[in-house]
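Only one structure is covered here, and it is reproduced in the block below.
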Amino acid sequence: MIAFLAGKLMEKEANSVIIDVGGVGYEVMIPLSTFYELGEAGSDVSLRVYTHVREDAIQLFGFKTVRERELFLNLIGVSGIGPKSAITALSGMSADEMIAAIRTNNLARLNSIPGVGKKTAERLVIELRDKVAKLSAVTSDDMRADGIELAGDSVLEDALSALVNLGYQKSAAEKALKQATQEGVEISVQKLLRRSLQILAK
């Protein structure tokens, strides 16, 4: 089982990367929280990996931190949540926010994640409250809003595509991106996605 990969970043998208490890390219699904932390194509990268084996496919899921991987493993242990749903959940809010929501029984916050209904949110709280307690002590996200007013079209398109792929309605995603750019958030896919997700979660 592959548990760790280190190599060169060949390609990077909001929900997957290809890592060149000694001439072999591994496609790895990632949450947005990991995407934010990665450099550009050609840079060195190392990820903690979970290998998911199905009858028809082997999929790799990668995380920048051990803590994210642990939270992912906890999530897929809950009935009704598969690896793709868990990645979407980790993309919808940071590990810190999710742990806090589970520990404080904040069902409304968990409900705001695409694909997480009321019953799934309740199961998350019931099954994971004690398990996530030991994951809980880490710094919160620092959301810097500095920057440029005018967005590049391709950056906006990439950010919109990522939000739609995560399960948000296109109209809601467009509205959040528009608000993020009007606030003066730096025009990069990472910064726009991060701010738009915060807006969508309200």
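Among the listed pairs LYS84/LYS134; LYS64/LYS134; LYS8/LYS64; LYS131/LYS191; LYS12/LYS175; LYS64/LYS178, give every one whose C-alpha distance is greater than 21 Å.
Values: LYS84/LYS134 24 Å; LYS64/LYS134 19 Å; LYS8/LYS64 14 Å; LYS131/LYS191 31 Å; LYS12/LYS175 25 Å; LYS64/LYS178 29 Å.
Flagged as over cut-off: LYS84/LYS134; LYS131/LYS191; LYS12/LYS175; LYS64/LYS178.
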| SER112 long-range amide H proximity, modeled H, under 5 Å | none
| query | ALA180: net charge of surrounding residues, Cβ under 9 Å, Lys/Arg +1, Asp/Glu -1, itself excluded? | reply | +3
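Within 10 Å of each residue's Cβ, count the other Cβ atoms and sort LYS118, LYS131, LYS64 from fewest upward.
Fewest-to-most Cβ neighbours within 10 Å comes out as LYS118, LYS131, LYS64.
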| said: Please give me the summed charge of the neighbours of LEU107: other residues whose Cβ is under 9 Å from its Cβ, Lys and Arg +1, Asp and Glu -1. | reply: +1
| What ranking of TYR26, TYR50 emerges when the number of other C-beta atoms within 10 Å of each C-beta is taken as an exposure proxy, fewest first? | TYR26, TYR50
| query | How many nm is it between the label spots at GLU27 and THR104, if each spot is 7 Å from the Cα in line with the beta carbon? | reply | 3.9 nm
| request: Under 14 Å from the Cβ of VAL66, count the other residues' Cβ atoms, weight Lys and Arg +1, Asp and Glu -1, and hand me the total. | output: +2
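How would GLU70, GLU55, GLU11 line up from fewest to most surrounding beta-carbon atoms within 10 angstrom?
On the way: GLU70 17, GLU55 4, GLU11 12.
With the sparsest Cβ surroundings first, the list reads GLU55, GLU11, GLU70.
Where a number appears in this text, it was derived from the coordinates with a stated rule and is not lab data. Treat the numbers as computed from the prediction; the structure is a model and nothing was measured. When we count neighbours, we look across all protein chains shown, and the Cβ atoms used for this are built from the backbone with ideal geometry, even at glycine.
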